[in-house]
Every structure is written in structure tokens, then in C-alpha cells.
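Step one of this worksheet: look at the structure below.
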Amino acid sequence: MSVEVRNISKKFERDTSALDDVSLKIESGELVALLGPSGSGKTTLLRIIGGLEFPDNPGAQVLFHGSDVTGLPAHKREAGFAFQHYALFRHLTVFENIAFGLRVRPFWKRPREAQIRERVGILLKLIQLEGLAKRFPSQLSGGQRQRVALARALALEPKVLLLDEPFGALDAKVRKELRLWLRTLHEELHVTTLFVTHDQEEALEVAGRVAILREGKIEQIGTPEEIYDHPATPFVYDFLGNVNLFKGRVRDGAVQIGDSKFAAPEMSGDNGFLATAFVRPHDVSVTREPAGPPAFAASILRFHVIGPLAELELKRTDSNETFTAQLSKERFHELNPHPGERVFVELHNVKVFPEDYSI
Amino acid sequence: MTASTIPVAVRRSATTEPALVRWVLIAVALLFMALFLVIPLVAVFAQAFSKGIGYYFHTLAAPNTLSAIKNTSIAAGISVPLNCIFGVAAAWAIAKFDFFGKNILTTLIDIPFCVSPVIAGFVFVLVFGRQGWFGPWLLEHGIRVIFAMPGIVLATMFVTFPFVARELIPLMQSQGRSVEEAARTLGARGWQMFWRVTLPNIKWGLLYGVILCNARALGEFGAVSVVSGHIEGANTMTLEVQALFENYDQTGAFALASVLTFLALMTIVLKEWVERKGTAGFSKRTTL
């Protein structure tokens, strides 16, 4: 089932997580991440789609499979919802938590006990917790609770699954596992899924498409590759990973940083204005000898090695600006740098945005 | 180094005081307990049984005493369930919704805690009494409020008003709305959400509030004293204790007092049990 929101606006008296005329369409069977910093309105948008919150403006619309559900409360929308802190019913067992949605159905639609057992059995298998049906939520680990919460949301076979920071409260390792599990689950069930996260890695890894929110507006939406390789705004660029900033001047499809010129193809029309160039640390290459004309000189301030990567902190010789370079461990050993040493730096995939932006 | 001369075993924690201070504090606390709590308690039962067990039950079976027990039961039996309903409704409204006048309601709930019960009683006399605002109209329709059972129930309700609500408001606020929202997204209608999710989550707090409410209902004297009119047979237990005492029937007064004391002790035991059950429930929740 497709989900569409049109012109959603919502204001809150106290907090900043408002929405400002947001429109978004999710096709049937998609797995979409709503990504943004806290206060960007991503959870509010999810809650509006789930019917837990309602838009302020009369023109706003929420459409499930093309039909208008804007005024429908949560219990009539038949969308599965998983909460950030699971919101499991602590007085009920795992089995009864999952069965809850089936048991509260109106009696003419309520499945018989045997059917409930069968359905819950299937879901317990799906979340790989078959042996824990009689446990209470307090006797489960965080990851297990989250899976129970997901099974509970799936019990009614919803056509839409809404997940609010599904892995936000878990430790890093469990989080990674559950991400993969969610991907697999989605491939199996093909239920239209929307999940909220503030973790860019999670969004890029799990989602088929990512919508980036900032201050109540959607900044960009696209596949992980699209938004990573072609960020529409400086905010998106910055939010998706570490970034170095270089002040430069744009001329003839290139940006001049110090005495060096780097290609900036999207700036071909404009000339002569001051701009900020964005470069990812892994697009900074460091050599001992100047490889060619675009390189500039820098000195090494300090470095550290984390697993397979090495990070170098560098300072431009001409302007004293500092920046970071990320190298593979092999390259790092090959280079064998020393603090204070003078090296040459080349930039790749330089991105220049026309508007002014400060981080 | 003087610090190293202090044996490690004595200094178990940073807040452990020297032995002398500890013993003095403990002794003072125990002395006070004995003087103000244990001795009166023993005295009540000693006086009640001073003329033997037979006489004890004989005095309890006196018509006025029996009707006092009945009246108190009725007053508590009506006011506790009503305050229970009000308490849940008020706590629900305050904890889960934002509405105009929320802060005022929260403050008003505390009024019975601050106002002297005697004054509360007089207010009811002023409103419902013969010369009161509604008194004449009620009398025309044959309804007696003051110097009758309805007055006693009203007064009891007033003084026990905050107990359940006060207990539930912080509890429901700390629990937040998310489990209820979860129930909603799973298709639960309003009353299903209340019975299946909200009530199980607050049951220990509610029970605790009910116990306190009931204890207060049984023990209330001031407000009830004003509205009851001290008519024979219309007294509650506390009023009857006073009436017996004033009529020089000390044993009778203490016999009835011993019943109240016994109920109070039961309340404490029950309260302790609920508190333990409740905290077990709380710790379950905080790990969620």
C-alpha cells in the first residue's frame, strides 16, 4: 500500500519539532528512512502518518493507497507502529503482547483462540523468540524487546509499518544485527515501511530511499547513493558524514583553493565569487612529493589509527586552516608520516554549493 | 598520618557517623516511638479489655455502637468508590491531556489537605443546612442533608477527596502515553485501552490510594462532627467514641476505639504489602 502526505504543517507550543508544508510519497513495498537531527520533525511526521498526531492546517492530507485517512484516529488506520522505547505492555507476556491486537478486535472480526495461537506462533518464529513466549518484557534484553514490539505491530498484518527510532535505544552491536534483520524481514514481507532515525549510517544501510529532514522541511529525498553522491544542499552533505571546508573562489568550472585549482563541474556558469568547497576526509589524498599542479602543501599535526583506517589532522601551509584526511591503513604505513612533517595534499570530488552555509 | 590510624572496618561509608552519635540517634528515635506510638496503642487495648472479654463484646453490641459501625461503613462504602472514580478521571485528565485550567485543577485537588475538616463541615452546613443556600429547597422536597447520612457522606468525601488522585497523578505522568498509544495503534478502542493497558499499569497505585482514602474515611472526626449533629444513632464510629467517653462509659469508648485501632493496624499491614508489590512493579517498568 502506498503512503502519501500532502502539505502537512504542525506547530507545537514548546518544542521545535514542527513541520512546515511537508509532502512525501512512498510507493507500495518501499523501505524509506526519515533521517534528520533531533527537532527536525521526523518523529512528528511519522506520528501524523500513524494517526497519533494530527496536522494543523486544513489543506493537509494523509493518503493510504490513495484514500484519505487524514481525520482517522490511530486505531482505525491499521498501520503497525513500533515505538522508540518499545512501549511493551509490561503486565503481559510476550505471547499476550503480540496477541493484543488480535484480542481487541471487535468480536465479529476476532479470530478464534486457535487462530490467535497459530498467528502468534508464526510471528514468534519470525522474530526468533519461539522459546520466550511466556516471558515478561522485563525479562528480555533490549534487542529482544524491540523484536517483540515489531512482532506485535505485525500481528494485524498491517499494510504500512511505522518505526520510530527502532534501534535508537540499543547498543551498537545489537543495533547492527537488527538493521540487517529488518532488511531481511522487509524483503520477506514487502510491507511498506517508514522508519525514523537520526543515524545516517543506519538510514543509508537499511533504507531503499532516504528523506532528509531539517527544521520541519524535507531537504532531499533519494536513494542512499543519490543523496550521498549528489547531496542537494550543504546541510545534507554535512549531515551524511564528516566534512572538510575550504574557502575558495569559483572560476570556469573549477574552485581555486590557495594556489591550486580543483574541478567543480556544477559551477561552470558562475565566475569569480567566493565559495566554500566541501570535501570528505576520504577524498583527501596525501603524498610526500607533489603529484601534480592541483596539490597544495600542508603539515601534519597529529594522526591516529582506528581499525582499518587512519586519520590525519593537517594544516594548510598557506592559510593555517586545519582539515582531516582519511587513509587506508596500508596507505598510511606506506606513507609512514611524522608529526610536523610537510606533505602535499590533493582533493577529489570537490563539492561547491552556491548558497552560503556555515557549520 | 592520622587518617591511616582509623580502622577501615569502622568507616564503612562516607556518611557513617561515630558510634556514639549513632546510638544516641537510635535511642532518641526508639524513645519517641515508644512514648507516642506504642504506649497509646497498648493503652487502647488494655482499657478496652479491662472488664474482660465478655464485657468487651457486650459493649460493642450496644445498639448505638452497632449503628455507628454501620454508619461509618456506609460513609466509607460510598465515598471510597466515588473518590476512586474521581481520582482516576482527574489523574487521567491531568497526566494525559493538556487543557485549559489544568494547573488550577491540580491545585484545587489539594484543598482538603489544607483546609481544617471542621471548616469543611461548616461549609456544608452553610450550603445545605436549614438556613443554607440549598437547605430550604431540599427540605421542601423532603431531603435531609445536614444532621443526616448524606451530610456525613459529603463530609467524608470532601476530606478523602485528594487521596486517590494525588497517588495516581505522578504515577500516570511518569508512565507517559506511549503504551496507550501502542494500544491505540493496535486497534484498541478507548475503553479497551483503559481496561487492558491503563488500569493494569496503575492498579497498585490505585489500591494504595484506596487504602489511604479508606483509612481517612474511617478516622474522620472534625468535618463529620459538625454535620452529624450528634444525634443518637446517627453517629459514626469516631463520634460514638466521643459520645461514650463523655457519658463516662470509658470501657465502651475504648472498646469501639480498639476496633478503629485494629482497622488502622490492618491498613498499615495492607499498605506495606501493596507498597512492596507496587515497587516490584515500578522496578519492572523502569527497566523497560
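One table, with the values for the structure above:
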| quantity | calculated |
| --- | --- |
| Strands (runs of 3 or more DSSP E) contained entirely in region A:1-64, each with at least 3 residues that are closer than 24 Å to residue B:97 by Cα | A:3-10 |
| Residue under evaluation residue A:147, criteria (1) surrounded by 17 or more Cβ atoms within 10 Å (Cβ to Cβ); (2) more than 14 Å from chain B (Cβ to nearest Cβ); (3) in a loop (DSSP other than H, G, I, E, B), criterion not met | (3) |
| Filter result (in a helix (DSSP H, G or I) and under 27 Å from the mean Cα position of the chain (by Cα)) within region A:124-144 | A:126, A:142, A:143, A:144 |
| Set A:99, A:79, A:74: member being buried (at least 19 other Cβ atoms within 10 Å of the Cβ), under 19 Å from residue A:154 (Cβ atoms) and free of Cβ contacts under 8 Å to residues at least 40 places away in the same chain | A:74 |
| Meets criteria (within 21 Å of residue B:179 (Cα to Cα), more than 32 Å from the chain's Cα centre (by Cα) and facing chain B (nearest Cβ under 9 Å)) for residue A:73 | no |
| Extreme residue, nearest to residue B:74 (Cα to Cα), among residues of region B:112-151 that are part of a loop (DSSP other than H, G, I, E, B) and of a type in the set (Phe, Trp, Tyr) | B:147 |
| Criterion violated by residue A:161 - all others in (1) out of contact with any helix residue (DSSP H, G or I) (no Cβ under 6 Å at 6 or more places or on another chain); (2) in a helix (DSSP H, G or I); (3) within 11 Å of chain B (Cβ to nearest Cβ); (4) buried (at least 23 other Cβ atoms within 10 Å of the Cβ) satisfied | (2) |
| Selection from region A:179-191 of residues that are within 15 Å of the chain's Cα centre (by Cα) and surrounded by 14 or more Cβ atoms within 10 Å (Cβ to Cβ) | A:179, A:182, A:183 |
| Hey, residue A:127 more than 18 Å from residue A:51 (Cβ to Cβ), touching a residue at least 24 places away in the same chain (Cβ under 8 Å), within 14 Å of chain B (Cβ to nearest Cβ) and among the β-branched types (Val, Ile, Thr) or not | no |
| The listed residue being under 17 Å from the mean Cα position of the chain (by Cα), surrounded by fewer than 22 Cβ atoms within 10 Å (Cβ to Cβ) and of a type in the set (Gly, Ala, Ser), out of A:67, A:38 | A:38 |
| Filter result for residue A:102 (more than 7 Å from chain B (Cβ to nearest Cβ) and within 24 Å of residue A:56 (Cα to Cα)) | no |
| Odd one out for residue B:288, checked against (1) modelled with pLDDT under 85; (2) assigned to a helix (DSSP H, G or I) | (2) |
| Condition check for residue B:143: within 21 Å of residue B:81 (Cβ to Cβ), aliphatic (A, V, I, L, M) and away from chain A (no Cβ under 14 Å) | no |
| The one condition in (1) at pLDDT below 90; (2) surrounded by fewer than 20 Cβ atoms within 10 Å (Cβ to Cβ); (3) in contact with a Gly (Cβ under 8 Å, 6 or more places away or on another chain) that residue A:17 fails to fulfil | (2) |
| Qualifying residue in region B:170-188 (condition: more than 14 Å from every other protein chain (Cβ to nearest Cβ), under 30 Å from residue A:78 (Cα atoms), among the aliphatic types (A, V, I, L, M) and crowded, with 20+ Cβ neighbours inside 10 Å) | yes |
| The one condition in (1) surrounded by fewer than 19 Cβ atoms within 10 Å (Cβ to Cβ); (2) under 27 Å from residue A:98 (Cβ atoms); (3) modelled with pLDDT of 85 or more that residue B:222 fails to fulfil | (2) |
| Members of region A:65-98 found to be hydroxyl-bearing (Ser, Thr, Tyr) and in a loop (DSSP other than H, G, I, E, B), listed by number | A:70, A:86, A:93 |
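The values are calculated or read from the model by the stated rules, or taken from the named source; none is laboratory data. Values in this document were obtained by computation on a predicted structure and should not be read as measured data. Note that each Cβ is placed from the backbone with ideal geometry, even for glycine, and that neighbours are counted across all protein chains shown.
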